[in-house]
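What follows is a set of notes on a single structure, which appears directly below.
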Amino acid sequence: MYIIVVGGGKVGYYLTKTLLVEGHEVLLIERDRHKVEVYGDRLGSVVLAGDGAEAAVLSEAGAQRADVVIAVTGEDEDNLVVCQMAKAKFHVPRAIARVNNPKNETLFQRLGIDVTVSQTEHILKLIEQKIPEKSFVHLLNLRHDELTIVEAHVSEGSQVAHKRVSDVQFPVHCVIAAIIRGPDPVMAMPTIEILPGDELIIVTHSHEEEELKQMLMEQ
């Protein structure tokens, strides 16, 4: 697999180093000439000096044959431009962008970026999973674009409490994968009544996550 990494900060450097160890063909693009020299001494001829947000540089890097382009600069705007150019001009199958400001993550996804990685958001989600009273937790992004898995705690005041699964008007793309009741999972059959204390494991589109959250929260 041929992978282009744009951005030679610590993330880009260690990502490139790891991918090389795993046997991938990798090229790291970095604007800072000093970093290019240092990384060239450490990694060999897999470092290219230039601005990865420029079409000419991506072309020189061989983006037309790349399987993946990963933009991990410290600027969200640059990461977005790199990924959009990779997909629109060079038809790269998969573009992955680092998102430094979590508020930009939804925008990146709407603009066609295949995968976004927000370190801040990831840390917040890990913290949320450790808070027992947290009623709605984002667990995982699936490989399929825009699909996520969430866990929701059903309280007595929730809109869905004491209703059968078939009677609840969930957002269109939501599917209950399981109901955790005590130590045991329960199949989410249409006739099953959702009870206070249940934990719902739900697969949903990311753009419906907020709507689902508002629906399940205690009134």
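A few points about this structure:
- Scanning the range 182-192 for any residue that is closer than 15 Å to Leu216 by Cα, in contact (Cβ under 8 Å) with a residue 12 or more places away in the chain and either aromatic (Phe, Trp, Tyr) or assigned by TED's automatic domain parsing to the domain that holds Glu210 (or both) turns up nothing.
- Applying the condition of being exposed (fewer than 13 other Cβ atoms within 10 Å of the Cβ) and within 14 Å of Val150 (Cβ to Cβ) to the range 178-219 and asking which residue is nearest to the chain's Cα centre (by Cα) yields Glu210.
- The number of residues in the range 97-119 being under 9 Å from the mean Cα position of the chain (by Cα) and β-branched (Val, Ile, Thr) comes to 3.
- Which listed residue, of Glu121, Glu105, is modelled with pLDDT under 60 and either of a type outside the set (S, T, N, Q) or over 21 Å from Glu54 (Cα atoms) (or both): Glu121
- Whichever residue in the range 47-79 is in a helix (DSSP H, G or I) and over 23 Å from Lys17 (Cα atoms) and, among such residues, is nearest to the chain's Cα centre (by Cα): Glu77
- Of all residues in the range 1-34 being touching a strand residue (DSSP E or B) at 6+ places or on another chain (Cβ under 8 Å) and in a helix (DSSP H, G or I), the one that is farthest from Thr73 (Cα to Cα): Leu20
The values are calculated or read from the model by the stated rules, or taken from the named source; none is laboratory data. Note that the coordinates shown come from a computational prediction; the quantities given were computed from them, not determined experimentally. Glycine gets a Cβ as well: all are built from the backbone with ideal geometry, and neighbour counts include every protein chain shown.
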